[in-house]
Amino acid sequence: MLQTRNEPRRTIGSYWEASVPVLKPDRQLIGNATFEVAIIGAGFAGLSAALKLAQSGVSVCVLDAEHVGYGASGRNGGFCCLGGTKLDERQLIRKFGLEEARKFVAYQVAGINLVAHRLDSWGVHADRHSKGEIYLAHRLKDIESLRSNAAFLKENFGIKASLLSRDELQEEGYGGPGFYGGLRMPYGFALNPMAYVQALAEQVRRAGGRIFGKSPVTGLTRDGDRWHLETEHGFVRARKVVLAANGYANENVPKWLHGRTMPVMSSIQVTRPLSDAELSAQGWTTDTMASDTRVLLHYFRLLPDRRFLFGTRGGVFENAPALAAMQKRARADFREMFPAWADIEPEYSWHGHVCLSRSLTPFVGAVPGLDGVYAAMGWHGSGVAMASISGEKLAGLILGKLRAQDLPLPLQRPFRKFPLPALRKLYLQGAYWWYGYQDR
Ligand SMILES: Cc1cc2nc3c(=O)[nH]c(=O)nc-3n(C[C@H](O)[C@H](O)[C@H](O)COP(=O)(O)OP(=O)(O)OC[C@H]3O[C@@H](n4cnc5c(N)ncnc54)[C@H](O)[C@@H]3O)c2cc1C
């Protein structure tokens, strides 16, 4: 017998939590319930799958350990942009061939368009801004690779990216002593991710899907022709299960996941609103979303209320000393890159998990050996568009409207285990030190 209970939300102190009017509580599952499909994780991926399934008349529930948008979907930088893999376009072509690489890039563009279309059709603005994005060369020598990339992207993918010189950057309001040139990409826009994920959840509810908060799934076992998802105060029985917990996944639910993903940290700081004088002093007046050419990149943008959002990658461990070191590094990088704002302390700072895989590509499909279990995970720090479209496509697979081979090849390969999984964070830490050294 199904009952629910309201539990207080767990907050993380992000700007996004403060910037949306009402954070709806998700009621906790108490007792037992049966659904056709049960989804683990109420982020962009899980909710997108739920929306499509509910709209197709399938009985579906989403279980989250905390609440809608508690994971990366409510914590990210809000760059709805290309991405989802750590392989660049050249590597994609080498690994999967030109046709599949093109298909994959077209899929990323379709993801951006899907998010824009959703927001438009739901009448949700979500503080959108920025036409496309820009990659900023953080060293003189990186301009050459931006130039060759522009030509490569045009020739192989028909992408018309434009190169900006250092002077042009200054003229267009991308002021900073460490920006030597830029490559402007014509795709993507920025949004308030919490506003988007809340709107997505609301659409799921309206379509008849159920969302349970404070209901971590602690076990997944086979029970006749159904799966049995254990939670603290009850269980769900479902014919099909979707794993959509990404960087927040419990590695033992199911055991197949163990050692196959690598959660790493990304951190964000947001300043108070900046005055005209402060913006001019730095020379940063553009609302275009930007990132730099470091491997451990920084991403930043001026928000519509003129706060400045500054994000970093590169944290591996989540304990207090490691997080303090990550924040300290982020502050130092911010001061160096935006010296006119060196004394402006962040009003908000937080961090979250992104999910890497061994192949450096996501996986969207049926989990081998577990009949009726599917996964949509591994967005490599770029999941706003990629998780949204992939959740929807995964629902298409479940509904039998899509075949696995209809997806771009880079998405079709189930995650392999990392070598020596217990040590994977240690060797990643080593790799990050090396990247940090190279980035300098
Ligand atoms: C700081 C930061 C900045 C980022 N910036 C960007 C950006 O600007 N642009 C971009 O495209 N991407 C960005 N990303 C990545 C992007 O946010 C993610 O790829 C995307 O949100 C993942 O969505 P998801 O639905 O797959 O998973 P998530 O949103 O992480 O959701 C997973 C959910 O699963 C739940 N869960 C976990 N285990 C269980 C369990 N056992 N039972 C029940 N529930 C469970 C969690 O509570 C969580 O809510 C960023 C990520 C971070 C952390």
Report task. Please enumerate the residues belonging to the range 406-424 that are at pLDDT below 85 and either surrounded by 17 or more Cβ atoms within 10 Å (Cβ to Cβ) or of a type in the set (Asp, Glu) (or both). Result -> Arg424
Query raised in the report: For Val242, which of the numbered conditions (1) in contact with a helix residue (DSSP H, G or I) (Cβ under 8 Å, 6 or more places away or on another chain); (2) of a type outside the set (S, T, N, Q); (3) in a loop (DSSP other than H, G, I, E, B) fails to hold?
Result: (3)
Report summary line: Checking Leu370, Leu397, Leu411, Leu356 in turn, the sole residue that is touching a strand residue (DSSP E or B) at 6+ places or on another chain (Cβ under 9 Å), free of Cβ contacts under 8 Å to residues at least 40 places away in the same chain and not charged (D, E, K, R) turns out to be Leu397
Query raised in the report: Of the residues Gly74, Gly78, Gly57, which is at positive phi and either open to solvent by 10 Å² or more (accessible area, probe 1.4 Å) or more than 6 Å from the ligand (Cβ to nearest atom) (or both)?
Result: Gly57
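Given the criterion over 30 Å from Pro419 (Cα atoms), open to solvent by 30 Å² or more (accessible area, probe 1.4 Å) and assigned to a strand (DSSP E or B), identify the matching residue among Phe235, Phe152, Phe212. Give the steps one after another, and end with the answer.
On the way: Phe152 fails: assigned to a strand (DSSP E or B); Phe212 fails: open to solvent by 30 Å² or more (accessible area, probe 1.4 Å).
Only one candidate passes the filter, namely Phe235.
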Report task. Identify the residue in the range 105-133 that is closer than 19 Å to Gly383 by Cβ, more than 17 Å from the chain's Cα centre (by Cα) and of a type in the set (A, V, I, L, M, F, W, C) and, among all such residues, is surrounded by the fewest Cβ atoms within 10 Å (Cβ to Cβ). Result -> Ala106
Requested in this report: Sort out which residues of the range 199-235 are more than 14 Å from the ligand (Cβ to nearest atom) and of a type in the set (D, E, K, R), and write them in order of number.
Outcome: Glu202, Arg205, Arg206, Arg222, Asp223, Asp225, Arg226
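Take Tyr196 and decide whether it is at pLDDT 95 or above, within 16 Å of the ligand (Cβ to nearest atom) and aromatic (Phe, Trp, Tyr).
yes
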Report task. For the range 396-413, indicate whether the set of residues that are within 11 Å of the ligand (Cβ to nearest atom), farther than 15 Å from Met262 by Cβ and under 21 Å from the mean Cα position of the chain (by Cα) is non-empty. Result -> no
Query - All positions within the range 309-340 that are farther than 10 Å from Ile268 by Cα, at pLDDT 95 or above and of a type in the set (Phe, Trp, Tyr) - result: Phe334, Phe338
Query raised in the report: Based on what the data block shows, is Gly84 surrounded by 24 or more Cβ atoms within 10 Å (Cβ to Cβ), part of a helix (DSSP H, G or I), within 18 Å of the chain's Cα centre (by Cα) and of a type outside the set (Phe, Trp, Tyr)?
Result: no
Report summary line: Trp16: passes all of (1) in a loop (DSSP other than H, G, I, E, B); (2) of a type outside the set (Lys, Arg); (3) within 14 Å of the ligand (Cβ to nearest atom) but (1)
Query - The lone exception for Thr34 - which of (1) hydroxyl-bearing (Ser, Thr, Tyr); (2) open to solvent by 10 Å² or more (accessible area, probe 1.4 Å); (3) not in a strand (DSSP E or B) it fails - result: (3)
Requested in this report: Scan the range 279-313 residue by residue and report those that are open to solvent by 20 Å² or more (accessible area, probe 1.4 Å) and part of a strand (DSSP E or B).
Outcome: Tyr299, Arg313
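Residue by residue, here is whether (1) touching a helix residue (DSSP H, G or I) at 6+ places or on another chain (Cβ under 8 Å); (2) of a type in the set (Asp, Glu); (3) part of a loop (DSSP other than H, G, I, E, B); (4) within 16 Å of the ligand (Cβ to nearest atom) holds:
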| site | (1), (2), (3), (4) |
| --- | --- |
| Arg90 | yes, no, no, no |
| Arg94 | no, no, no, no |
| Ala101 | yes, no, no, no |
| Ala106 | no, no, no, no |
| Leu140 | no, no, yes, no |
Query - Subset of the range 333-360 [open to solvent by 50 Å² or more (accessible area, probe 1.4 Å) and either touching a Cys at 6+ places or on another chain (Cβ under 6 Å) or more than 15 Å from the ligand (Cβ to nearest atom) (or both)] - result: Arg335, Glu336, Pro339, Ala340, Asp343, Glu345, Glu347, Arg358
Query - Subset of the range 367-382 [open to solvent by 10 Å² or more (accessible area, probe 1.4 Å), within 15 Å of the ligand (Cβ to nearest atom) and in a loop (DSSP other than H, G, I, E, B)] - result: Trp379, Gly381, Ser382
Query raised in the report: If you check Ala385 against the conditions, is it more than 13 Å from the ligand (Cβ to nearest atom), outside any loop (DSSP other than H, G, I, E, B) and among the small types (Gly, Ala, Ser)?
Result: no
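The values are calculated or read from the model by the stated rules, or taken from the named source; none is laboratory data. Everything quoted here is computed from the prediction, not taken from an experiment. FYI the Cβ positions are ideal-geometry reconstructions off the backbone, even for glycines, and counts take in every protein chain you see. Heavy atoms of the whole protein, side chains included, go into the accessibility calculation; ligands, DNA and RNA do not. Shrake-Rupley method; radii C 1.70, N 1.55, O 1.52, S 1.80 Å.
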